[in-house]
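Chemist: Here's a structure for you.
The values are calculated or read from the model by the stated rules, or taken from the named source; none is laboratory data. Being a predicted model, the structure only gives us computed values, none of them experimental. Methodologically, a virtual Cβ is constructed for each residue, glycine included, from the backbone with ideal geometry; neighbour enumeration extends over all protein chains shown. With ligands, DNA and RNA removed, areas are computed over all heavy atoms of the protein, side chains included. Shrake-Rupley method; radii C 1.70, N 1.55, O 1.52, S 1.80 Å.
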Amino acid sequence: MNDHEIRELVKSELPYPQLTDRANIAFEKAYLALRPCAERGDARRQASEEGWKEEAVFSKARKHRGLRTMAVSLSSVAAAFLFLVLLNSAFPALAESIPGLGGIFRTLNYKFGLGSNLPTYENLIQPVNVTSGSKSCEITVREAYSEGENIFLSLQLKSADEGINSAKWLSTVYHYDEALEGYRKEYSAAVNGEQAEMTKEIIFTKEGEIFECAAVIRLPHEAAEGEKLHVELQIDALRGLREGTVMRAYPNETTPEVEITEPVLLSFDVTADTSRNTQGEAGVTVDSVAFESYESTPSCFRATLSYPCIGGVVYDFPDFGWVEAHTEDGTLLDRVSGKDGASPSAEELSVGDTVTHTASFSGVPEGTRQVIITLYNNQPRGESIGDWVDGGVIGSCVFAEFTLDLETGEAAATENYVEEGYEKLPIQEYLEILKAGPEFQNHVFLPTASFGYGRLTGPDEEYVEEEMQGEWTVSFYADTEEPLPLEVEFHWGDEIALTIPLQEQEDSIPTDTGYRTLREEWGVNVDNCVLEKEQFGLGYVDSIKREYTACFYLNREQSLKQHFWHYGDPELMSYRILNAETGEVVFDHENYERPIHYIRPQDLEE
């Protein structure tokens, strides 16, 4: 199940026809945090007094296209588990877009926190109370606010039509347009005569006898203090479903049950209020990380940092590590993505190049004096645990921390992270470790085991899934393209279940990058690795030469045992990698203790 399929699974369980910007961001955050588990099978673990024990993760064999590029296959149970995690992360409350009177900015479904602290400010939100309608409904713009970059709106819809009132939600983005490769937007917005983008589309949700909606318009140009903004918002159509009906996973498979096709034009004015906006130069550098400048408005806080690009490319963006911001009382500010957190394109950067990156967050609450900005190697609090160059796992370390005083505009390097149990690792040392590359043992690096459904086929069709035909896979990297006389020995308890030779056989099938061996009970795939520096780091590229994968195809009874192994006792199954010529044990999974780096004990207690 790939990213798109998982997203569609999430979408199928939601009352809305598409994921909102906030949901998409939360989805990526949750999925990327889980990918090390899904891809490696044992990269995300929990600690116990006996040591590491592998979590219940099902994954499919790699597609052999790089260090971290794999196809993930989930069983129905594992897919449901992943869905629940994603849903919980992306949608902590489906009513998040439902504002109450004067409370549109309390529980925002904007762009992942943009404006989420607006209700803490007094005399900020402007009443509008402009109503327009058609025969079937009337729509009111109740409140608005603009900090000079966006216009935040509270909308309300009322109708006397029982059919309309039977809807659970009504949206302007219902139909998927194949030509646009996206959802058709049945609305338009203009500010002072110029077309404007909506960064939170119009989705009305039922609240009692009325429908309510939070929406955000991005201004075509920044507005000055006191500038009048004339808005024309036209809603061409609203479509939705009734209570109990679920939107199908694939576009246009669910016919709308409720439709309003009479256009409604709302024309109103908002006055820009930039009086609470501040910005300034920070000018502080620590260990090659520079805090250059900041901007603060009630809706958004931005910190501009310069530092070396530390690693891979994820969804066409370079790896900038993970930047967080919190106030002096520990309140964590939501991260904001999209235009508010725009990143340079991947083509412009290589690992180690200095990048200037603006990290954006929800605005600080009124009365906040200090903001602490912290740069980590990856997402903290145990949310992201990845492979490390010694074959172990690495959690979150701190590259730099800065504290900004919003009243004076002064910034300084600080160490608040120590109280939270984090350690500092200078970013240049981190890069040097990456440049040194993986630590191979007997030409082997990062042996991992995974479980999925399916089996290898010929080169034209790499993989075929088969229901209830489990596949136990062991894979690793080698530092030579020369053939290694290795074999993988699979164990059920104290018994050897199967031994798979990795050397090329007489009937092996040549592939573009190596060879493939197919048997009734097992399959082997060996690939010469072609990795890009911009994608996987310097040392990885220079030293990893080959990738070996051995697949043990299980029958139904074995598959059920393997399923239990993941959810039950991990000691039921293990494997060893041996030198077939000498009998030397190259790697023994049962007796291997994986090294741990920068992982706090509290991150492993969950």
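Chemist: Check the stretch 294-303 and report whether any residue there is assigned to a strand (DSSP E or B), surrounded by fewer than 21 Cβ atoms within 10 Å (Cβ to Cβ), more than 22 Å from the chain's Cα centre (by Cα) and at pLDDT 95 or above.
Modeler: Yes, that holds for at least one residue.
Chemist: Of everything in the stretch 164-197 that's among the hydrophobic types (A, V, I, L, M, F, W, C), surrounded by fewer than 20 Cβ atoms within 10 Å (Cβ to Cβ) and at pLDDT below 95, which residue is farthest from the chain's Cα centre (by Cα)?
Modeler: Out of the qualifying residues, it is ALA179.
Chemist: When you check ILE125 against the structure, is it crowded, with 18+ Cβ neighbours inside 10 Å, in contact with a Leu (Cβ under 6 Å, 6 or more places away or on another chain) and not hydroxyl-bearing (Ser, Thr, Tyr), yes or no?
Modeler: no
Chemist: Then there is this: Of everything in the stretch 492-518, what is among the charged types (D, E, K, R) and either under 19 Å from MET573 (Cα atoms) or surrounded by 14 or more Cβ atoms within 10 Å (Cβ to Cβ) (or both)? Give them in sequence order.
Modeler: ASP494, GLU495, GLU504, ARG516
Chemist: Could you go through the stretch 372-390 and let me know if any residue there is part of a loop (DSSP other than H, G, I, E, B) and over 22 Å from the mean Cα position of the chain (by Cα).
Modeler: Taking every residue of the stretch 372-390 in turn, at least one turns out to be part of a loop (DSSP other than H, G, I, E, B) and over 22 Å from the mean Cα position of the chain (by Cα).
Chemist: I'd like to verify a number: residues in the stretch 431-460 that are surrounded by fewer than 19 Cβ atoms within 10 Å (Cβ to Cβ) and among the hydrophobic types (A, V, I, L, M, F, W, C), how many?
Modeler: Selection size over the stretch 431-460: 3.
Chemist: Starting from residues that are part of a strand (DSSP E or B) and acidic (Asp, Glu), keep the ones in the stretch 491-530 and report whichever is modelled with the lowest pLDDT.
Modeler: Within the stretch 491-530, the match that is modelled with the lowest pLDDT is GLU495.
Chemist: Could you tell me whether any residue of the stretch 148-159 is open to solvent by less than 30 Å² (accessible area, probe 1.4 Å), part of a loop (DSSP other than H, G, I, E, B) and more than 18 Å from GLU222 (Cα to Cα)?
Modeler: yes
Chemist: Mind listing whichever residues of the stretch 201-214 are part of a strand (DSSP E or B) and either open to solvent by 20 Å² or more (accessible area, probe 1.4 Å) or polar (S, T, N, Q) (or both)?
Modeler: Listed by number, the residues that qualify are THR205, LYS206, GLU207, ILE210.
Chemist: Let me ask something else about it. Return the pair list, or none, for Cβ contacts closer than 9 Å from residues in the stretch 165-191 that are touching a residue at least 60 places away in the same chain (Cβ under 8 Å) to residues that are open to solvent by 30 Å² or more (accessible area, probe 1.4 Å) and among the β-branched types (Val, Ile, Thr), at least 6 apart or on different chains.
Modeler: The qualifying pairs are LYS168/THR245.
Chemist: Do you know which of the residues in the stretch 404-416 that are out of contact with any Lys or Arg (no Cβ under 6 Å at 6 or more places or on another chain) and free of Cβ contacts under 8 Å to residues at least 40 places away in the same chain is surrounded by the fewest Cβ atoms within 10 Å (Cβ to Cβ)?
Modeler: Filtering first and then ranking leaves THR408.
Chemist: Of the residues in the stretch 304-323, how many are assigned to a strand (DSSP E or B) and modelled with pLDDT under 80?
Modeler: Number satisfying all stated conditions: 7.
Chemist: Those residues that are charged (D, E, K, R) and either in a loop (DSSP other than H, G, I, E, B) or buried (at least 16 other Cβ atoms within 10 Å of the Cβ) (or both), I need them from the stretch 577-606; list them, please.
Modeler: GLU581, GLU584, GLU593, ARG594, ARG600, ASP603, GLU605, GLU606, listed by residue number.
Chemist: Can I ask one more? Suppose we filter TYR174, TYR145 for residues that are among the aromatic types (Phe, Trp, Tyr) and farther than 17 Å from GLU201 by Cβ; which single one remains?
Modeler: Sole residue among the options that is among the aromatic types (Phe, Trp, Tyr) and farther than 17 Å from GLU201 by Cβ: TYR145.
Chemist: Under 6 Å by Cβ, and 6 or more places apart or on different chains, what pairs join a residue from the stretch 326-353 that is within 21 Å of ASN378 (Cβ to Cβ) and at pLDDT below 50 with one that is in a helix (DSSP H, G or I) and among the aromatic types (Phe, Trp, Tyr)?
Modeler: none
Chemist: Going by what's in this entry, would THR271 be described as surrounded by fewer than 17 Cβ atoms within 10 Å (Cβ to Cβ) and over 34 Å from the mean Cα position of the chain (by Cα)?
Modeler: For THR271, the condition - surrounded by fewer than 17 Cβ atoms within 10 Å (Cβ to Cβ) and over 34 Å from the mean Cα position of the chain (by Cα) - is met.
Chemist: Return yes or no: is LEU233 touching a Leu at 6+ places or on another chain (Cβ under 7 Å), farther than 14 Å from SER171 by Cα and outside any loop (DSSP other than H, G, I, E, B)?
Modeler: yes
Chemist: Look through the stretch 95-141, keep the residues that are among the hydroxyl-bearing types (Ser, Thr, Tyr) and at pLDDT below 95, and return whichever of them is nearest to MET198 (Cα to Cα).
Modeler: If we take residues in the stretch 95-141 being among the hydroxyl-bearing types (Ser, Thr, Tyr) and at pLDDT below 95, then TYR110 is nearest to MET198 (Cα to Cα).
Chemist: Inspect all residues belonging to the stretch 225-232 and state whether any of them is at pLDDT below 95, touching a strand residue (DSSP E or B) at 6+ places or on another chain (Cβ under 7 Å) and at negative phi.
Modeler: Checked the stretch 225-232: no residue is at pLDDT below 95, touching a strand residue (DSSP E or B) at 6+ places or on another chain (Cβ under 7 Å) and at negative phi.
Chemist: Working carefully through the options ILE260, ILE235, ILE217, ILE202, find the one that is within 19 Å of VAL130 (Cα to Cα) and touching a Cys at 6+ places or on another chain (Cβ under 7 Å).
Modeler: ILE202
Chemist: I've got another one for you. Name the single residue that is modelled with the highest pLDDT among those in the stretch 245-268 being acidic (Asp, Glu) and open to solvent by 80 Å² or more (accessible area, probe 1.4 Å). Spell out how you get there, then give the answer.
Modeler: Our first condition is that a residue be acidic (Asp, Glu); within the stretch 245-268, this holds for 253, 257, 259, 262.
Add one more test, that the residue is open to solvent by 80 Å² or more (accessible area, probe 1.4 Å), and what stays is 253, 259.
Values: GLU253: 64, GLU259: 94.
By that ranking, first place goes to GLU259.
Chemist: Out of the strands (runs of 3 or more DSSP E) lying entirely within the stretch 161-200, which hold 3 or more residues that are over 15 Å from CYS137 (Cβ atoms)?
Modeler: 187-191, 197-200
Chemist: Please state which of the following conditions GLN279 fails to meet, knowing it meets all the rest: (1) in a strand (DSSP E or B); (2) buried (at least 17 other Cβ atoms within 10 Å of the Cβ).
Modeler: (2)
Chemist: Restricting to the stretch 355-396, what's the tally of residues that are in contact with a strand residue (DSSP E or B) (Cβ under 7 Å, 6 or more places away or on another chain) and acidic (Asp, Glu)?
Modeler: 1
Chemist: For the structure I just gave you, tell me whether VAL286 is touching an Asp or Glu at 6+ places or on another chain (Cβ under 9 Å) and exposed (fewer than 14 other Cβ atoms within 10 Å of the Cβ).
Modeler: Criteria not met by VAL286.
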